[in-house]
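The values are calculated or read from the model by the stated rules, or taken from the named source; none is laboratory data. These numbers come from a predicted model, not from an experiment. Positions of Cβ are backbone-derived with ideal geometry, glycine not excepted, and every protein chain shown enters the neighbour counts.
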Amino acid sequence: MAFRHELRVRYGECDPQGIVFNANYLAFIDVAFTELWRLQIGPWMQMTERGYDAVLADARLGFKAPGRFDEVLAIVLRVERLGRASIHTQARIERGEELLLEAELRHVVVSTETWRSVEMPDWIRSGLAPVAQD
């Protein structure tokens, strides 16, 4: 099941050429991932209060077309797989029917005490399972 989050490009997210600065696409995906998390599991801070966090370990981005100031973009996420400690996600950023970016991401669940990967707790896995492609 895909999760969709829309946002409007702000002026400060653009470079001097008037297009979205490339690093901001990761920020857009992060906003959508946080909203997916909020919907499926709860507020991000509840996780950190329980001693866990999910950190981005890998990202691959493929740029197809530029986004511009004041456009409404849709960030579409699909949780492809849940590993022992990892969350594999596919992302697309679209403007209407046009594909602007494709991305593959891997988040890793870590302990906030050691910042090392740990097995994903059942309450995270069960929250994401309904939207995972596994």
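Rundown of residues vs (1) among the aliphatic types (A, V, I, L, M); (2) on the phi > 0 side of the Ramachandran plot; (3) outside any strand (DSSP E or B), yes/no style:
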residue	(1), (2), (3)
Met45	yes, no, yes
Thr48	no, no, yes
Ile75	yes, no, no
Glu102	no, no, no
Leu105	yes, no, no
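Under the condition of being assigned to a loop (DSSP other than H, G, I, E, B) and among the polar types (S, T, N, Q), the residues counted in the range 1-41 number 2. Among the criteria (1) free of Cβ contacts under 8 Å to residues at least 12 places away in the same chain; (2) under 11 Å from the mean Cα position of the chain (by Cα), the one Arg78 does not fulfil is (1).
With respect to Glu94, is the statement that it is over 19 Å from Ala132 (Cα atoms), surrounded by fewer than 18 Cβ atoms within 10 Å (Cβ to Cβ) and not hydroxyl-bearing (Ser, Thr, Tyr) true? No, not satisfied. A Cβ distance below 6 Å, combined with a sequence gap of six or more or placement on separate chains, defines the contacts here; from the range 50-70, residues that are closer than 25 Å to Gln17 by Cα reach residues that are of a type in the set (Val, Ile, Thr) and in a strand (DSSP E or B) in the pairs Pro66/Ile19; Gly67/Val20; Arg68/Ile19.
Suppose the filter is in contact with a strand residue (DSSP E or B) (Cβ under 9 Å, 6 or more places away or on another chain), of a type outside the set (A, V, I, L, M) and either within 19 Å of Arg4 (Cα to Cα) or modelled with pLDDT of 95 or more (or both); does Gly42 pass it? So Gly42 fails the test.
Can Ala27 be described as surrounded by fewer than 18 Cβ atoms within 10 Å (Cβ to Cβ) and within 29 Å of Val9 (Cβ to Cβ)? So Ala27 passes the test. Glu80 meets each of the listed conditions (1) crowded, with 16+ Cβ neighbours inside 10 Å; (2) in a strand (DSSP E or B) apart from (1). Filtering the range 50-73 to residues that are within 18 Å of Glu94 (Cα to Cα), in a strand (DSSP E or B) and not small (Gly, Ala, Ser) leaves Arg60, Leu61, Phe63, Arg68, Val72, Leu73. Among the candidates Tyr25, Tyr11, the residue that is in contact with a strand residue (DSSP E or B) (Cβ under 7 Å, 6 or more places away or on another chain), more than 25 Å from Pro130 (Cβ to Cβ) and at pLDDT 95 or above is uniquely Tyr25.
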